[in-house]
Amino acid sequence: MDIRYLEYILALAETGNMTKAAKKLYISQPTLSQFLTKQEQELGSPLFERSGGTYLLTPVGNLYAEYAKKVISLTSNLEKDIKRVSNSSRIRIGTSASSAMQMLSCILADFRKYYPKVELVLSDDNLWSTSNFISKGEIDLAFVTANSMEKYRGQSIELKKEEVVFAAPSSHPYSQKASGNRQRSLTSTQLLEHFHGSPFILQHKGSCIRYLIEDFFEKEEFNPTIACMTSHVQSICDMVSSNIGVGFIPVEYQLPHKMITCFSLEPKLYRIHSILYRKDLIMTPPHKCLIDLAKTYVNTNYNGDLKLMTLH
């Protein structure tokens, strides 16, 4: 949209000088002078008072400048919104868990039935990086697991809460003591009392479960001995079963294993499977379709085929 003539008046008002304004606008001084004369004639009122080569806005000129700024701002916002809607033929998606990538691979076939020409650009990273990409507008939607949705209020959709449990070798004395209990639980006091000397196998920093664990340790003023850090739950289970240390895993991955004993924590720890989106995102039909397919998938498959192989 052509708003350059509004910019002419604002440049002259800012510089107060015809020559400086013309130079700033990369036009000739006669061109600017002719435009001003024509504009004042059309309005039937002078926009500037001329005094020794200095141009000062008249009351009408001040009103004109005020509305010119509003029009320029609105035009800029309109162009941005038009660009966003036009770019809905490409959706940039971030994930912070392999379960999300697994889900996307399952729902994309249905999505493409409805929107075969929409291109999806996928990227994978931890929660911290993915949420930063969202805030910077570098991705449109993100399927993440988070320890809290408070900071994402107004730009998130919760899909499912999932408990995080404590995993210990079945050979550990406390595990053997609890082996007869079907519902095994641990308070923070019990965990530190019986496992404070055990090495911990933790998720990488920046991951959702690591945030939960660090908050848990900080509240208890406990500094654990870290044996290993990994992003793969299978590695954690393998090391726990080999009596290398203890760790934390999602309850959905809690499978019968004679070498591992899992405890529900009191109070319970949860990670939240969610969809984040840009605050300025205009939800077009393709965006809404993708979100609806994700909701349906989680509601249908979460307790069945969805095994969370990566702990982000």
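The values are calculated or read from the model by the stated rules, or taken from the named source; none is laboratory data. This structure is a prediction, so every number in the text was calculated from the model and none was measured. Using ideal geometry, Cβ is built from the backbone for each residue, glycine included, and neighbour counts are taken over all protein chains shown. Accessible surface areas use protein heavy atoms only, side chains included; no ligands, DNA or RNA. Shrake-Rupley method; radii C 1.70, N 1.55, O 1.52, S 1.80 Å.
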Worksheet item: Tell me, what is the 1.4 Å probe accessible area of Ile107, in Å² to the nearest 10?
Response: 10 Å²
Discussion item. Students sometimes get this wrong: rank Val298, Val60 by accessible area, probe 1.4 Å, all chains present, largest first.
Written reply: Val60, Val298
Discussion item. Using Cα-Cα distances under 8 Å and only pairs 6 or more residues apart, what relative contact order does the chain have, in percent?
Written reply: 23 percent
Item to complete: Identify the trypsin sites (Lys or Arg not before Pro) of region 59-138 meeting these criteria: DSSP loop state and at most 14 other C-beta atoms within 10 Å of the C-beta.
Response: Lys117, Lys136
Worksheet item: Measuring with a 1.4 Å probe in the full set of protein chains, what accessible area per residue, in whole Å², belongs to the chain?
Response: 54 Å²
Worksheet, complete the sentence: Of the accessible area of region 20-83, computed with a 1.4 Å probe and all protein chains kept, carbon and sulfur make up a percent value of 57 percent
Worksheet item: What aspartates and glutamates sit close enough to Lys70 to cross-link, taking a C-alpha to C-alpha distance under 17 Å and skipping anything fewer than 8 places away on the same chain?
Response: Asp2, Glu7, Glu14, Glu79, Asp81
Practice prompt. Considering only protein heavy atoms, with the full assembly of protein chains and a 1.4 angstrom probe, order His196, His273 by accessible area, largest first.
Written response: His196, His273
Discussion item. Tell me the accessible surface of Ser170 in square angstrom (1.4 angstrom probe, heavy atoms of protein chains only), to the nearest ten.
Written reply: 30 Å²
Worksheet item: So for the chain, Kirkwood radius off the Cα pairs, Stokes-Einstein at 25 °C and 0.890 mPa s: how many µm² s⁻¹?
Response: 102 µm²/s
Discussion item. I'd like the trypsin sites (Lys or Arg not before Pro) in region 185-251 restricted to DSSP loop residues with at most 16 other Cβ atoms within 10 Å, sorted by number.
Written reply: Lys205
Discussion item. Within region 110-154, what whole-number % of the accessible surface is contributed by carbon and sulfur, with the 1.4 Å probe and all protein chains included in the calculation?
Written reply: 48 percent
Worksheet item: What are the aspartates and glutamates whose alpha-carbon lies under 15 Å from the alpha-carbon of Lys177, with same-chain residues fewer than 8 places away excluded?
Response: Glu193
Discussion item. At 0.36 nm per residue, and after removing the present C-alpha to C-alpha distance, how many nm does the segment from Glu150 to Tyr5 gain when stretched out fully?
Written reply: 47.6 nm
Fill in: Among the listed pairs Lys219/Lys268; Lys69/Lys136; Lys113/Lys279; Lys24/Lys69; Lys160/Lys268, those beyond 19 Å (Cα-Cα)
Lys69/Lys136; Lys113/Lys279
Discussion item. Antiparallel versus total DSSP beta bridges in the chain: what percent is that, nearest 5?
Written reply: 60 percent
Practice prompt. Please go through region 177-238 and write out the GluC sites (Glu not before Pro) that DSSP classes as loop and that have at most 14 other C-beta atoms within 10 Å.
Written response: Glu221
Fill in: Simple label model, 7 Å out from Cα along Cβ direction - Glu79 to Ser33, nm
3.0 nm
Fill in: Bins of 10 Å from zero: percent of alpha-carbon pairs in region 140-281
11, 41, 31, 12, 3, 0
